[in-house]
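Student: Shown below is the structure under consideration.
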Amino acid sequence: MYGVAIVTGGTRGIGHDISKALIADGLKVAAFYAGNEEAAQKFRDETGQKAYKVDVSDFAAVEKAVAQVEADLGPVTVLVNNAGITRDGALHKMDPQNWHDVIETNLTSCFYLCRAVVGGMRERNFGRIINISSINGQKGQFGQTNYSAAKAGMLGFTKALALESAAKGITVNAICPGYIETDMTGQMRPEVLESIIRGIPMARMGQPDEIAAIVSFLASEKAAFITGATISANGGQYMV
């Protein structure tokens with residue numbers, strides 16, 4: 001595989017493994033991160049690739065960062081929208097700012113990133129866009145109206161952009177991970193984790209590299225006829 005990939009949220013968790021998989025595939029990877037400088041530097045040292053601090057909820061910042069990536073590395077051929085935050089709370093108690101922050105970071109950022117790269121992809125008649133949604137965007141989750149709305153919105157966004165882009169050789173697909181073993185899930189109380197795992201038919205959480213493997217496939221020529229698809233990777237917890 002050739003070209004340049006942007007992975008948002010690409011220095012930690014699932015994004016870290018996605019970045020590593022695309023590097024292994026031969027892509028130059030630009031990992032966007034929000035603010036964890038230690039993780040970003042560790043990523044740079046480990047991979048030899050570039051990491052850029054970017055507020056993905058700011059269109060001007062995204063445009064500037066994408067322009068810098070293309071100046072540094074070349075045209076963007078693969079985009080993975082993986083950045084995401086949670087600000088959980090029942091709707092009747094939810095602070096409007098927590099709604100706004102989650103929608104802007106998780107959903108609006110997809111528009112900003114895609115808007116910044118899709119023109120070049122259309123000119124070159126090639127591109128791969130992969131949006132990391134969530135099981136909770138498919139089935140909903142108590143205390144996550146903001147997060148579930150954002151992740152469900154990504155699925156509709158994926159299908160519409162896939163229709164707009166197919167004739168230009170650009171595929172647009174979504175992945176809905178279930179519960180994946182990351183630093184975030186590692187902070188949950190043991191009894192909560194045990195309860196979650198009991199609800200997964202495979203009786204375990206997923207691994208970040210299992211999601212990365214799907215991204216690797218969707219970014220490859222082997223997936224050239226797949227677009228507008230939603231791939232669930234949740235151990236059987238929710239089947240659609």
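The values are calculated or read from the model by the stated rules, or taken from the named source; none is laboratory data. Remember, predicted model here, so these are calculated numbers, not experimental data. As a convention, Cβ positions derive from the backbone with ideal geometry for all residues, glycine included, and neighbour counts pool all protein chains shown.
Student: Are there any pairs, at least 6 apart or on different chains, whose C-beta atoms fall under 9 Å, with the first in segment 70-98 and in contact (Cβ under 8 Å) with a residue 40 or more places away in the chain and the second buried (at least 23 other Cβ atoms within 10 Å of the Cβ) and of a type in the set (K, R), and if so, which?
Tutor: What qualifies is T77/R128; V78/R128; L79/R128; V80/R128; G84/K151.
Student: Out of curiosity, is A61 more than 23 Å from M184 (Cβ to Cβ), free of Cβ contacts under 8 Å to residues at least 24 places away in the same chain and not in a loop (DSSP other than H, G, I, E, B)? Reasoning before the result, please.
Tutor: Working: more than 23 Å from M184 (Cβ to Cβ): yes; free of Cβ contacts under 8 Å to residues at least 24 places away in the same chain: yes; not in a loop (DSSP other than H, G, I, E, B): yes.
Yes.
Student: Looking at A160, A152, which is the one that is without any contact (Cβ under 8 Å) to a residue 24 or more places away in the chain and touching a Gly at 6+ places or on another chain (Cβ under 7 Å)?
Tutor: Only one candidate passes the filter, namely A152.
Student: Right, here's the next one. If you take the residues of segment 21-42 that are part of a helix (DSSP H, G or I) and in contact with a helix residue (DSSP H, G or I) (Cβ under 7 Å, 6 or more places away or on another chain), which of them is farthest from G74 (Cα to Cα)?
Tutor: A21
Student: Additional query: Name the residue that is farthest from the chain's Cα centre (by Cα), counting only residues in segment 89-106 that are of a type outside the set (A, V, I, L, M, F, W, C) and surrounded by 10 or more Cβ atoms within 10 Å (Cβ to Cβ).
Tutor: Among them, the one singled out is D95.
Student: Still on this structure, I have one more. If you take just the helices (runs of 4 or more DSSP H) that sit entirely in segment 91-196, which of them hold at least 2 residues that are basic (K, R)?
Tutor: Answer list for segment 91-196: 109-124, 145-165.
Student: Within segment 183-229, work out how many residues are under 18 Å from G15 (Cα atoms) and modelled with pLDDT of 95 or more.
Tutor: The qualifying residues number 16.
Student: Continuing with the same structure: Restricting to segment 82-102, count the residues that are under 18 Å from G35 (Cβ atoms) and among the charged types (D, E, K, R).
Tutor: 2
Student: All but one of (1) more than 18 Å from I130 (Cβ to Cβ); (2) among the aromatic types (F, W, Y); (3) in contact with a Ser or Thr (Cβ under 9 Å, 6 or more places away or on another chain) hold for Y2; which doesn't?
Tutor: Evaluating Y2 over (1) more than 18 Å from I130 (Cβ to Cβ); (2) among the aromatic types (F, W, Y); (3) in contact with a Ser or Thr (Cβ under 9 Å, 6 or more places away or on another chain) leaves (1) as the failure.
Student: Within segment 1-20, take every residue that is among the small types (G, A, S) and part of a helix (DSSP H, G or I) and give me the one that is modelled with the lowest pLDDT.
Tutor: G13
Student: Restricting to segment 104-129, name every residue that is aliphatic (A, V, I, L, M) and in contact with a Pro (Cβ under 9 Å, 6 or more places away or on another chain).
Tutor: Just the residues of segment 104-129 that are aliphatic (A, V, I, L, M), to begin with: 107, 113, 116-118, 121, 129.
Across segment 104-129, the qualifying residues are V117, M121.
Student: Just give me the residues in segment 169-183 being more than 18 Å from L27 (Cβ to Cβ) and surrounded by 15 or more Cβ atoms within 10 Å (Cβ to Cβ), in sequence order.
Tutor: Once the filter is applied, which keeps residues that are more than 18 Å from L27 (Cβ to Cβ) and surrounded by 15 or more Cβ atoms within 10 Å (Cβ to Cβ), segment 169-183 yields A174, C176, P177, G178, Y179, I180, E181, T182.
Student: What single numbered condition from (1) in contact with a strand residue (DSSP E or B) (Cβ under 9 Å, 6 or more places away or on another chain); (2) assigned to a helix (DSSP H, G or I) fails to hold for A71?
Tutor: Among (1) in contact with a strand residue (DSSP E or B) (Cβ under 9 Å, 6 or more places away or on another chain); (2) assigned to a helix (DSSP H, G or I), A71 violates only (1).
Student: In addition: Scanning for something touching a residue at least 40 places away in the same chain (Cβ under 8 Å), surrounded by fewer than 21 Cβ atoms within 10 Å (Cβ to Cβ), outside any loop (DSSP other than H, G, I, E, B) and out of contact with any Asp or Glu (no Cβ under 9 Å at 6 or more places or on another chain), does segment 201-210 turn up at least one residue?
Tutor: no
Student: Which residues, taken from segment 214-240, are outside any loop (DSSP other than H, G, I, E, B) and surrounded by 15 or more Cβ atoms within 10 Å (Cβ to Cβ)?
Tutor: Selection gives I214, V215, S216, F217, L218, A223, T230, I231, S232, A233.
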